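Below: one structure, written as structure tokens.
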2 protein chains.
Amino acid sequence: MPRQIDQAARLAAIEDAVVSIAADAGFEAVTIRAVAKRVGASTSVVTHYVGSREELLCNAVRRELDSRRAEADAAARALDGQAALRAVVEWAVLSPTERSHRFWLALVLNAAGQPTLRGELNRFNQWWNQRIEQLLHEAGSADPAKEADLVSLFVDGIVVSGFDAGQPWTPERRTKLLDAVWATLSF
Amino acid sequence: MPRQIDQAARLAAIEDAVVSIAADAGFEAVTIRAVAKRVGASTSVVTHYVGSREELLCNAVRRELDSRRAEADAAARALDGQAALRAVVEWAVLSPTERSHRFWLALVLNAAGQPTLRGELNRFNQWWNQRIEQLLHEAGSADPAKEADLVSLFVDGIVVSGFDAGQPWTPERRTKLLDAVWATLSF
């Protein structure tokens with residue numbers, strides 16, 4: 001394939017490796033050496049693409065979170081009001097894979113000590129909070145700020161409950177709880 | 001001090017070190033060597049008290065979770081019905097330290113790959129679920145199983161939200177959300 005595409009594919013493979021290692025074993029385990037091993041290349045190939053571990057983390061985390069944003073936007077496309085809000089929340093609690101939940105939880109847990117991770121998580125959360133408040137506003141909520149907190153708590157709770165219990169709660173159980181939370185919203 | 005008390009104090013210090021290391025850096029970082037370093041002793045002192053890393057983890061996690069249970073029971077003492085339930089939930093979301101939340105989240109995230117941790121977490125969750133369902137039943141709930149799920153989701157969500165946001169939500173913000181969840185319960 002053309003060299004430019006080859007380079008993009010190689011970089012994508014490197015960033016995928018970062019996400020996989022973080023999801024499997026936490027961010028402490030993400031080293032240039034571990035990434036090289038995962039993609040089957042030498043460490044010098046990895047450092048050819050990224051200048052430092054910090055840059056590698058930053059780019060990989062941003063790419064992963066950006067793809068989650070794109071999925072959320074796609075879920076709400078062509079919908080409005082309550083239907084758009086419901087589609088985004090259902091996307092968040094019903095569709096992601098265990099791997100993406102593990103990645104997110106590792107990110108949340110590790111962000112405290114690592115400014116790079118903290119920055120990327122803040123950037124994502126700012127988008128999420130604005131998006132949910134805007135959707136609540138458009139759906140007719142009387143208190144979008146408080147109800148955005150409730151929706152976020154619900155989503156966080158669902159993600160953690162899967163690990164807490166050893167396996168994700170069934171879709172039926174999650175949907176029943178979503179309906180209960182939904183009934184509390186002021187529209 | 002008498003030798004028996006001395007031994008109990010030493011063992012408690014070793015188990016505290018396990019909890020601190022897990023909260024700071026995750027369970028992967030809990031090794032006999034790291035624990036010895038943290039308590040300022042040689043590894044042979046640590047292995048004099050515990051036979052293996054597995055035994056050390058099991059004992060330390062159980063002791064920590066048992067002390068959380070004792071706190072929850074103390075919060076509800078001399079109360080009944082809704083007041084007892086409210087006291088336990090407020091204890092869970094308003095009183096614990098960041099360290100105990102970090103420990104719990106590390107436990108949840110690491111339980112998947114480590115049967116010892118999974119076993120201790122299951123033991124705690126079984127107690128928690130029964131306790132919350134029983135309190136809901138006594139408070140007059142029409143559907144204790146579903147509402148116990150809602151209460152647990154809320155507690156999990158509050159714990160995670162603090163790390164997600166970089167610092168715990170203010171007690172006022174948490175109390176406002178607790179009131180919103182409370183209003184959905186059928187009593």
**Study point:** Solvent-accessible surface ranking, highest first, for A:Phe124, B:Phe187 at 1.4 angstrom
**Key:** B:Phe187, A:Phe124
Practice item. Over the whole of A:176-183, what's the average partner chain Cβ count within 10 Å per residue? Rounded to a whole number, please. Key: 3
Revision key, fill the gap. Restricting to lysines and to Cα separations under 18 Å from A:Lys146, and discarding same-chain partners fewer than 8 apart, the set is B:Lys176
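Show me the helices of chain B, taken as full DSSP H stretches, that run 30 Å or more along their long axis by Cα and average 0.5 or above in Kyte-Doolittle hydropathy.
TM-like helix candidates: B:144-165.
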Study note, to complete from the structure: Across A:Gln82, A:Gln134, A:Gln167, the residue with the highest GNM fluctuation in chain A (Cα network, 10 Å cutoff) is A:Gln167
Check your understanding: Going by accessible area, probe 1.4 Å, with all protein chains left in place, what is the ranking of A:His48, A:His101, largest first?
Key -> A:His48, A:His101
Review point. Could you give, in nm with one decimal, how far B:Gly140 is from each other copy of that position, shortest first, with labels 7 Å out from Cα toward Cβ?
Key: 3.1
**Study point:** Charge dipole (the protein assembly as shown, unit charges on Cβ, about Cα centre) - positive-most of B:Ser44, A:Phe163, B:Val89
**Key:** B:Ser44
Study note, to complete from the structure: By accessible area (1.4 Å), largest first, B:Ser95, A:Ser20, A:Ser186 order as B:Ser95, A:Ser186, A:Ser20
Point to revise | Axis-nearest residue in chain B [Cβ, rotation onto A], distance in whole Å | key: B:Gly157, 2
Review point. When the chain is fully extended, how far beyond the present Cα-Cα distance does A:Lys176 get from A:Ala9, taking 0.36 nm per residue of separation?
Key: 56.0 nm
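The values are calculated or read from the model by the stated rules, or taken from the named source; none is laboratory data. Note that the coordinates shown come from a computational prediction; the quantities given were computed from them, not determined experimentally. When we count neighbours, we look across all protein chains shown, and the Cβ atoms used for this are built from the backbone with ideal geometry, even at glycine. Quick note on the areas: whole protein, heavy atoms, side chains included, nothing else; ligands and nucleic acids left out. Shrake-Rupley method; radii C 1.70, N 1.55, O 1.52, S 1.80 Å.
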